[in-house]
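So the structure is just underneath, and the comments pick up after that.
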Amino acid sequence: MKLRQLEALRAIAEAKSLHEAARRLFLTQPAISRSIRELEIELGLPLLTRTARGATLTPFAHQVLKRSQVVQREVGRILEDAATARGELAGRLTVAVTPPAATRALSDALLELVAARPGVRPEIIESRAENIADGLDDGTIDVGIFTQYSEPRTTAFEWRKLYELDIVLSIPAMYRGKRTLSVAEIHALPWLVLDSPDDEAGFVATFFGSHRLALPRQIMRCTSMNLYLDLAMRMEAVAIWSSLARPFLAERERSGRVMLLEVEEPLPRIGMYLAYASEDLLTATAQDFIRRLSEKLAKGPRERASAGLEYDEAD
């Protein structure tokens with residue numbers, strides 16, 4: 001099996017035509033057809049369905065293509081390692097974060113990285129923890145920084161806990177109930193959540209599960225952070241925040257938009273985790289980024305403040 005055969009398969013999948021795929025790869029149509037036939041002979045299965053309108057991949061070919069994309073990404077990382085060994089400060093870096101991970105330390109580390117490595121091409125993606133895990137597994141994400149309420153139970157990637165944060169609960173000011181509630185009382189209220197309610201590492205499953213309670217009856221999940229911010233101010237439901245949101249919430253409490261709730265029992269703390277597929281396979285760019293981020297976070301709580309917000313010593 002050769003890389004050129006996998007490249008030909010990918011080009012056909014994108015172009016849906018042997019002729020167009022050959023043009024994109026600067027090959028003749030007989031040459032690309034020969035590459036695919038050789039791969040079909042080696043695998044012992046057909047890879048293309050040819051029609052008058054063009055060519056499409058068989059179901060097995062789609063599986064081959066998915067695996068080949070991991071191979072091609074690793075080849076790209078080998079080339080990046082070679083460039084680093086030659087003294088070139090370039091490369092690609094894909095970092096995926098959950099919203100609480102968008103800290104001042106992250107922003108500073110990225111600014112330092114691009115200044116030190118002007119040829120680097122970073123891509124920062126905001127996502128949910130479960131999507132970050134998938135990206136680490138399939139190689140589309142180099143480094144993940146995410147929050148959850150229990151340690152990751154997986155061998156698909158390596159991880160370490162960076163620190164923990166307290167949890168803050170809020171509800172819009174239209175709520176006329178008590179500020180301090182028992183577990184049973186807050187369980188009876190509607191909830192607004194970012195993560196899947198069924199996620200064992202999420203807040204509602206962790207907190208109410210520890211008290212042997214089922215999930216609350218009324219839960220709305222919203223994965224859009226902008227919409228979550230709006231709903232949390234206007235929908236009579238309990239919203240969940242990390243302590244990084246205290247300045248944001250304090251301002252809105254002073255203006256009479258929200259009420260901060262207290263619970264009689266301790267709330268679980270949320271852990272901030274750094275993860276990557278394998279420490280041995282990290283590129284030099286990824287290693288440099290992780291080193292800079294770790295150094296920033298080691299300076300203390302100020303660096304954990306949300307990027308773009310002033311740090312309040314009282315928080």
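Here the average projected area of the convex hull drawn through the C-alpha atoms of the chain stands at 21.0 nm². Compactness of segment 241-305, taken as the C-alpha radius of gyration over 2.2 N^0.38 Å, stands at 1.63.
Report note on the peptides 235-246, 159-170: ranked by the mean count of other C-beta atoms within 10 Å, highest first, their order is 235-246, 159-170.
Taking one quarter of the surface of the C-alpha convex hull of segment 126-206 gives a mean projected area of 6.9 nm². In segment 3-79, if every C-alpha pair distance is counted and binned at 10 Å from zero, what percent goes to each bin? For segment 3-79, the binned pair fractions read 20, 54, 24, 2 percent.
Can you tell me the order of 196-207, 28-39, 60-71 when each peptide is scored by its average per-residue count of other Cβ atoms within 10 angstrom, highest first?
Numbers: 196-207: 18.7, 28-39: 16.5, 60-71: 14.8.
Ranked by mean Cβ neighbours within 10 Å, highest first: 196-207, 28-39, 60-71.
For each of 3, 192, count neighbouring Cβ atoms within 10 Å of the residue's Cβ, then give the residues from fewest to most.
Numbers: 3 11, 192 20.
With the fewest neighbours first, 3, 192 line up as 3, 192.
Basic side chains Lys and Arg get +1 at the Cβ, acidic Asp and Glu get -1 at the Cβ, and with that the dipole of the chain about its Cα centre reaches some 1020 debye. Here segment 167-268 is treated with +1 on each Lys and Arg Cβ and -1 on each Asp and Glu Cβ, and its dipole about the Cα centre works out to around 380 debye. Between segment 106-135 and segment 1-77, how many Å separate their Cα centres? Distance between centres, Cα-based: 31 Å.
Once the Cα gyration tensor of segment 167-268 is found, what semi-axes does its equivalent ellipsoid get, as square roots of 5 times the eigenvalues, in whole Å, sorted largest first?
20, 16, 12
Selection among 204, 229, 187 by position relative to the dipole of segment 170-231 gives 187 as farthest towards the positive end (Cβ unit charges, Cα centre).
Computed from the coordinates by the stated procedures, all read-outs in this text should not be read as laboratory data. Note that this is a predicted model, so its numbers are computed, not measured. Glycine also receives a Cβ, built like all others from the backbone with ideal geometry; neighbour counts cover every protein chain displayed.
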